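The values are calculated or read from the model by the stated rules, or taken from the named source; none is laboratory data. Note that the structure is predicted; figures quoted are calculated from it, not measured. Quick reminder, even Gly has a Cβ in these numbers, built from the backbone with ideal geometry, and neighbours come from all protein chains shown.
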Amino acid sequence: MNLAGTLYIKKMNKLIITIFGATGDLTLRKLLPALETLIKTQKDYESLTIVAVGRRAFTSEEYLSFVSESNAFSGDINTLRPYLVYTQVDALKPNTYENLKTLFSALSSGKQSVRKIFYLAVGPDLFLDIASNLLDTKLVTKGDLNSIIAFEKPFGHTFEDARFINAFLEEKFSPAQIYRVDHYLGKEMIQNIIDLRFSNTFIHAIWNNEHIREIKIVVSEKDGILNRGAYYDEVGVLNDMVQSHLLQILALLVMDIPHSLASEDIQNAKIAALEKVKYIASESLLGQYKGYRNELGVDPDSLISTLAFLRVEVQTPKYNGIPIYLITGKKLARKEAYIEVIFKDAPGSHLFAGSRPNRLIIEIAPESRITLELNSLAKLHTSEVVPTKLEHCFSCNFPGAIKEAYSALFTEMIHGRKTLFPSFNEIAKAWDIICQIRDEKPRYFIYEPGFDMGGNND
Ligand SMILES: NC(=O)c1ccc[n+]([C@@H]2O[C@H](COP(=O)([O-])OP(=O)(O)OC[C@H]3O[C@@H](n4cnc5c(N)ncnc54)[C@H](OP(=O)(O)O)[C@@H]3O)[C@@H](O)[C@H]2O)c1
């Protein structure tokens, strides 16, 4: 996607990226490797410092050892070493922010333009404390567009929670300073949805209920909840996956052409699409894998769902009647993520033996690949056709070219763009849909680990 930005910083003197939650799983597994990519590829600043913030009494050297010895970190610590400093701050203890303030004064001294990104890789319970303390210590001031704060998903545990957090932030900061993270929007194949839909005449022409028979959005995992039982048992699959990632993908698939590629235009198009989503309880299911209740941190009587199979429709003249399935869960047969668009039979399909509906498959993981399945001549002098795949596999053809989603998000934040970040109105619309599902619960079942929901090769 060619991203039109709201603010473009040409060459800043100094970039300071501060990570709250620097000892956490997300930072180790995702954020530090993404920052490593950024160090290797970004040239938009003269100097960079990554400030790792945590409660533990580490020196910077000790923190680097902690990272490199952690199983969660798979990057190259030597790339990060020259840029990383650790400082001890307890998010809930205002006096400890003085450490950060002192460090920032030293880092900013003599610099003309300093861009500050505060990334909150912590749970939403800490968002308001950290935001208030950053304001009180003047590390961030309202309206300074060179100081921004990113809030990791989930943006609140409930709709009420999200509204409360948002109301506070919108009062204390300018909208351009608030970034709400949904890292799926940074995945290249998801960014590519807009390009595919709106830059290809034939895809655009058949993207409606006259031609589409069914759409599936699938994110399935083989793993269970790993060591995140206490967290997962609070949120379940609806909050963890559907409210954010799956509904964002759906919005991109059914939104109208935005006026431009500017963040606000894309966000508005997605909001309008989400407003039209209707959930159909009678054709939906929620499930829990056998053994979930014995997982560490999980309530032995928990009714939390680990699987969702949700049928929705988009109630517009263009999409009415197309069954759209949102399918996601843990402990399933495969680890994969894809979008499958199945088209209706061609007017002449009855003339050809072996004819199958055309399909467009956008594979997000494990590979990044687009496949268009067409019927094509099987044997000369017969009326037999076979499904033939036209495919472009970005990750197989250009190994290493597909970047970690979080590096795309950091690049946007550096340049003051928000195309890959949902607005609060999108988040609110997605919560409305989750509330519809909670109000009208579908059937619930217990499934065996390894349950097979079907794949895109079937
Ligand atoms: N892990 C993922 O793949 C992933 C993906 C998407 C979203 N998320 C979300 O991102 C957030 C963080 O996830 P995580 O998996 O990294 O959790 P985690 O491993 O439990 O890490 C939590 C982090 O928060 C820090 N923390 C807690 N209380 C603090 C305080 N008072 N002051 C300063 N730091 C404090 C912890 O520091 P200590 O070491 O001092 O406890 C730790 O660094 C969660 O909301 C999660 O849902 C995670």
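The figures follow:
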| item | result |
| --- | --- |
| Which listed residue is of a type in the set (Gly, Ala, Ser), within 11 Å of the ligand (Cβ to nearest atom) and either closer than 20 Å to Thr137 by Cα or touching a residue at least 24 places away in the same chain (Cβ under 8 Å) (or both), from Ala106, Ala91 | Ala91 |
| Tabulated pairs, the stretch 22-35, first closer than 17 Å to Phe118 by Cα, second basic (Lys, Arg) and within 8 Å of the ligand (Cβ to nearest atom), C-beta under 8 angstrom, 6+ apart or interchain | Thr23/Arg55; Thr23/Arg56 |
| Residue in the stretch 143-150 that is within 16 Å of the ligand (Cβ to nearest atom) and assigned by TED's automatic domain parsing to the domain that holds Lys93 present | yes |
| Number of positions in the stretch 435-455 that are crowded, with 18+ Cβ neighbours inside 10 Å and out of contact with any Gly (no Cβ under 9 Å at 6 or more places or on another chain) | 2 |
| When residues of the stretch 12-35 are limited to those that are under 15 Å from Glu69 (Cβ atoms) and surrounded by fewer than 23 Cβ atoms within 10 Å (Cβ to Cβ), the one farthest from the ligand (Cβ to nearest atom) | Leu28 |
| Qualifying residue in the stretch 325-347 (condition: more than 27 Å from the chain's Cα centre (by Cα) and either of a type in the set (A, V, I, L, M) or modelled with pLDDT under 95 (or both)) | yes |
| Every pair of residues 6+ apart whose Cβ atoms lie under 6 Å, when the first sits in the stretch 402-413 and is in contact (Cβ under 8 Å) with a residue 12 or more places away in the chain and not assigned by TED's automatic domain parsing to the domain that holds Leu32 while the second is of a type in the set (Lys, Arg) and part of a helix (DSSP H, G or I) | Tyr406/Lys30 |
| Members of the stretch 317-351 found to be crowded, with 19+ Cβ neighbours inside 10 Å and not in a strand (DSSP E or B), listed by number | Tyr319, Ile322, Lys330, Lys331 |
| Leu100 being in contact (Cβ under 8 Å) with a residue 60 or more places away in the chain and over 20 Å from the mean Cα position of the chain (by Cα) | yes |
| Index of the failed condition, Ile194 passing every other in (1) in the same structural domain as Trp431 (by TED's automatic domain parsing); (2) not in a helix (DSSP H, G or I) | (2) |
| Residue check for Leu100: closer than 28 Å to Arg417 by Cα and within 12 Å of the ligand (Cβ to nearest atom) | yes |
| Matching helices (runs of 4 or more DSSP H) fully within the stretch 205-316 where at least 3 residues are in contact (Cβ under 8 Å) with a residue 60 or more places away in the chain and more than 16 Å from the ligand (Cβ to nearest atom) | 247-254, 263-275 |
| Unique match (being of a type outside the set (D, E, K, R), modelled with pLDDT under 95 and crowded, with 20+ Cβ neighbours inside 10 Å) among Ser220, Ser263 | Ser263 |
| Filter result for Thr87 (modelled with pLDDT of 95 or more, of a type in the set (Val, Ile, Thr) and not assigned by TED's automatic domain parsing to the domain that holds Leu250) | yes |
| The stretch 158-201: number of residues that are within 14 Å of the ligand (Cβ to nearest atom) and hydrophobic (A, V, I, L, M, F, W, C) | 4 |
